[in-house]
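Contents: one structure, followed by commentary.
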Amino acid sequence: MTGKHDQIAGSLIQDILSGQYRVSERLPSERDLATRFDANRGAVREAMKKLEQIGLAQVQPGGARVRPTDEASLDVIGHLLTQGKLPDATLVDQIMVVLNSLISVAALQTLELASDEEINEIRKLARPLIDEDLDQGAHTLARFELMESIMQASRNLPLRLIARTLFDQVAPNLTELHPFAIVDNEKHRIVAKQLDRDLEHRDAYGLRDTFAAFLDLNRETMMRASDAARLAAGQEAITP
């Protein structure tokens, strides 16, 4: 059950991200917020702590001021994705670029650090993408398990933490797009075969190109899903 402080924080976060409060502008006082939300000051203080942790406000003696969004923590991503009826397509695309770049780096480090046994285990996880005609849910799960295994084998803790934080912020907010996401099994099969060969031969240069192809496929899938969802909602598609 959502506490009063979460309700206050959520409302203020939406107000800030929608531009109701500008950067450096002072937020309402504890007294005013307590009155507005019919809450005690303890709940208001907890809400302001949350805003400060996210990085959207700087709490000082005498009040709190709004900070720039680009100085916030990664936790702000989930809130940005809920600003409209559908997640912002440009932001989704930017997140896809970052996540795929992180996985690409992890894969290169995996080639350097992983044992032959670990490489073979990763290759096994690519087999369903090569050999089977998976439905959308199974295909998504297979890709996730493959990427997760590569992240683990990279032994890069900061990279894994950043990727996990981003993924946890994004995944719950893309449910509106899932019915419109159509996975091209054949295109993924081609890329998965190349990934298997790159891993087998520990080909770093080939792996870079392979993950660039994965990036293009993932972006294409998500942008088409976003456009289809927008059209279904009576909005204008954004992909030419």
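The values are calculated or read from the model by the stated rules, or taken from the named source; none is laboratory data. Please read all numbers here as calculations on a predicted model, not as lab measurements. In this analysis, Cβ positions are derived from the backbone assuming ideal geometry, glycine residues included, and neighbour counts consider all displayed protein chains.
Observations, loosely collected:
- Count of residues meeting criterion [modelled with pLDDT of 90 or more and surrounded by 14 or more Cβ atoms within 10 Å (Cβ to Cβ)] in segment 60-76: 9
- Tallying residues that are touching a helix residue (DSSP H, G or I) at 6+ places or on another chain (Cβ under 7 Å) and among the charged types (D, E, K, R) within segment 50-87 yields 2.
- Checking each residue in segment 124-146 for being part of a helix (DSSP H, G or I), surrounded by fewer than 19 Cβ atoms within 10 Å (Cβ to Cβ) and not hydrophobic (A, V, I, L, M, F, W, C) picks out K124, R127, P128, D131, Q136, G137, T140, E145.
- Within segment 2-28, the residues that satisfy the criterion of being out of contact with any Phe, Trp or Tyr (no Cβ under 6 Å at 6 or more places or on another chain) and β-branched (V, I, T) are T2, I13, I16, V23.
- Filter result (within 13 Å of E118 (Cα to Cα) and not hydrophobic (A, V, I, L, M, F, W, C)) within segment 135-167: E148, S149, Q152, S154, R155
- Where a residue in segment 145-166 is free of Cβ contacts under 8 Å to residues at least 40 places away in the same chain and not assigned by TED's automatic domain parsing to the domain that holds N100 and its partner, wherever it lies, is surrounded by fewer than 17 Cβ atoms within 10 Å (Cβ to Cβ) and of a type outside the set (S, T, Y), with Cβ under 9 Å and at least six apart: none
- Scanning segment 198-238 for residues that are surrounded by 13 or more Cβ atoms within 10 Å (Cβ to Cβ), without any contact (Cβ under 8 Å) to a residue 60 or more places away in the chain, under 27 Å from L177 (Cβ atoms) and touching a helix residue (DSSP H, G or I) at 6+ places or on another chain (Cβ under 7 Å) returns T210, A213, L217, A225, A228, A237.
- Only one of the numbered conditions (1) modelled with pLDDT under 95; (2) surrounded by fewer than 18 Cβ atoms within 10 Å (Cβ to Cβ); (3) not acidic (D, E) is violated by L99, and that is (2).
- Test result for A153, buried (at least 18 other Cβ atoms within 10 Å of the Cβ) and outside any helix (DSSP H, G or I): no
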